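Below is one structure, written out as structure tokens, with a few remarks after it.
The values are calculated or read from the model by the stated rules, or taken from the named source; none is laboratory data. Since the model is a prediction, treat every value here as computed from it, not as a measurement. Cβ placement follows ideal geometry from the backbone for every residue including glycine, while neighbour counts extend to all protein chains displayed.
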Amino acid sequence: MQQQVTVYGAYGHTGRFVIAELLRRGWLPVLVGRDAAKLAAFGAQYPGLEVRVATVDDPISLDRALAGASAVINCAGPFANTAPALIEAALRSKIPYLDVAAEIEANLDTLANFSDRAREAGIIILPAMAFFGGLGDLLATAAVGDWPTVDELSIAYGLSSWHPTAGTRAAGQVSRARRGGRRIVYVDGRLEYRDGSAPPGEWTFPQPLGTQPVVTEFTMADAVTIPHHIPVSELRSYMTASAVSDLVDPALEPPIAVDDSGRSSQTFVVEVVARADGETRRLSASGRDIYAISAPLVVEALGRILDGSARAPGVFTAGQIFDADGFLRSLSPDFITLA
């Protein structure tokens, strides 16, 4: 019998990739969302799947949405608004919770507020299991390997372009409001807020991307997930300058599909460089479409949680709970190329 998995935000951009990946791997998704009309229209594409309307301000509707499910995957941002209610519902149902949140503050809240209750309920809570947060954490963990501590970690994102979804824009607005428009950096073993623009720089990515102008101090969810379990003093983040320009351009449309899978033509490279005691280690992953790659990441995590190969219970990040090297290699070469 197929195991049911509730997907909240099923009709969203990333949610659609997650539904397709669950079906590809033999799971039975339950399509859940807050907009009945959008959910019905999306559900019409999958006549054999169950559709359930639920809102985060209605715990009864969330309990119905999770009924009979083996786990819940939250794909609906802003996660500052949705994650607490969905986690509460998962705790009541005693099933694992996973999300694809890139919001720094939402991930900090999840890690800080639910550890004890997750252990009491006997479930795993896994935030940021996506391109931002999950992939970088796995790469950093695999690169660091057996080092007990790290002096410096750098993570550089090389995106060919960035057509943000409506969800990305909404989540960014919530995050900026929460931090009063300031930037976040990770220095001296902690997150700090800074005013003003991030300084420009350059990063030499693996070929064929090569040396690119970047925006330094472009801090994403990896600054939460990586230091959560890796002792590191400095965590530096970089993003190709052209991608940052795309991100802040209000005229750009959301990603446009160029194949039957729904993926865009966007390509990415994520490179991690770890330094300790004068030694340097590098590891990178390349692929296509930062939204699409979140689906195999979160669904692979789901499988590892439900088959008992991951530790339990509690709140964890990807690199903390999984064999990072094995996890990454399970996605290569179908979804990412490692170098």
Condition first: more than 22 Å from V299 (Cα to Cα) and either buried (at least 18 other Cβ atoms within 10 Å of the Cβ) or in contact (Cβ under 8 Å) with a residue 12 or more places away in the chain (or both). Now tell me which residues in region 122-152 satisfy that.
A143, V144, G145, W147, P148, T149, V150, D151, E152
Residue under question is A295, and the condition is that it be of a type in the set (G, A, S) and either touching a helix residue (DSSP H, G or I) at 6+ places or on another chain (Cβ under 6 Å) or under 17 Å from F132 (Cα atoms) (or both); does it hold?
yes
Scanning region 1-32 for residues that are farther than 18 Å from S70 by Cα and not in a loop (DSSP other than H, G, I, E, B) gives H13, T14, R16, F17
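Name the single residue, out of those in region 312-331 being in contact (Cβ under 8 Å) with a residue 12 or more places away in the chain and surrounded by fewer than 17 Cβ atoms within 10 Å (Cβ to Cβ), that is nearest to K94 (Cα to Cα). Break it down stepwise before answering.
The first filter runs over region 312-331 and keeps only residues in contact (Cβ under 8 Å) with a residue 12 or more places away in the chain, leaving 312-322, 324-325, 327-328, 330-331.
Remaining after also requiring surrounded by fewer than 17 Cβ atoms within 10 Å (Cβ to Cβ): 312, 325, 330.
Values: A312: 12, D325: 29, S330: 28 Å.
Out of the qualifying residues, it is A312.
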Which of the residues that make up region 43-73 are in a helix (DSSP H, G or I) and either free of Cβ contacts under 8 Å to residues at least 60 places away in the same chain or at positive phi (or both)?
G43, P59, I60, S61, L62, D63, R64, A65
Kindly indicate whether D277 is charged (D, E, K, R), farther than 11 Å from G134 by Cβ, assigned by TED's automatic domain parsing to the domain that holds V144 and surrounded by fewer than 16 Cβ atoms within 10 Å (Cβ to Cβ).
yes
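Return yes when E105 is surrounded by fewer than 24 Cβ atoms within 10 Å (Cβ to Cβ), touching a Ser or Thr at 6+ places or on another chain (Cβ under 7 Å), within 28 Å of I290 (Cβ to Cβ) and touching a residue at least 12 places away in the same chain (Cβ under 8 Å) and no when it is not.
Numbers: surrounded by fewer than 24 Cβ atoms within 10 Å (Cβ to Cβ): yes; touching a Ser or Thr at 6+ places or on another chain (Cβ under 7 Å): yes; within 28 Å of I290 (Cβ to Cβ): yes; touching a residue at least 12 places away in the same chain (Cβ under 8 Å): yes.
Spelling it out, E105 is indeed surrounded by fewer than 24 Cβ atoms within 10 Å (Cβ to Cβ), touching a Ser or Thr at 6+ places or on another chain (Cβ under 7 Å), within 28 Å of I290 (Cβ to Cβ) and touching a residue at least 12 places away in the same chain (Cβ under 8 Å).
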I'd like to check something: does region 289-311 contain any residue that is crowded, with 18+ Cβ neighbours inside 10 Å, part of a strand (DSSP E or B) and not polar (S, T, N, Q)?
no
Based on this model, can you work out whether A85 counts as surrounded by fewer than 16 Cβ atoms within 10 Å (Cβ to Cβ), in a helix (DSSP H, G or I), small (G, A, S) and under 22 Å from the mean Cα position of the chain (by Cα)?
no
Go through (1) modelled with pLDDT under 95; (2) within 17 Å of V100 (Cβ to Cβ) and name the single condition M1 misses.
(2)
Pick from region 156-168 the residues that are surrounded by 17 or more Cβ atoms within 10 Å (Cβ to Cβ) and in a helix (DSSP H, G or I): which of them is modelled with the lowest pLDDT?
G167
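Which of the residues belonging to region 176-201 are in contact with a Pro (Cβ under 7 Å, 6 or more places away or on another chain) and buried (at least 16 other Cβ atoms within 10 Å of the Cβ)? Let's see the steps before the verdict.
Taking region 176-201 and keeping what is in contact with a Pro (Cβ under 7 Å, 6 or more places away or on another chain), we get 186, 200.
Once the filter is applied, which keeps residues that are in contact with a Pro (Cβ under 7 Å, 6 or more places away or on another chain) and buried (at least 16 other Cβ atoms within 10 Å of the Cβ), region 176-201 yields only Y186.
The rows are residues; the columns are (1) assigned to a loop (DSSP other than H, G, I, E, B); (2) in contact (Cβ under 8 Å) with a residue 60 or more places away in the chain; (3) assigned by TED's automatic domain parsing to the domain that holds H163; (4) closer than 23 Å to A106 by Cα.
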| residue | (1), (2), (3), (4) |
| --- | --- |
| P206 | yes, yes, yes, no |
| I230 | yes, yes, yes, yes |
| D246 | no, yes, yes, no |
| I256 | yes, yes, yes, no |
Criterion first (at pLDDT 95 or above and touching a helix residue (DSSP H, G or I) at 6+ places or on another chain (Cβ under 6 Å)) does F132 satisfy it?
no
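Give the residue, chosen from G12, G26, that is of a type in the set (G, A, S) and closer than 17 Å to L306 by Cα.
Details: G12 fails: closer than 17 Å to L306 by Cα.
It is G26.
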Just to be sure, is S265 under 30 Å from R119 (Cβ atoms), at pLDDT 95 or above, not in a strand (DSSP E or B) and not assigned by TED's automatic domain parsing to the domain that holds V100?
no
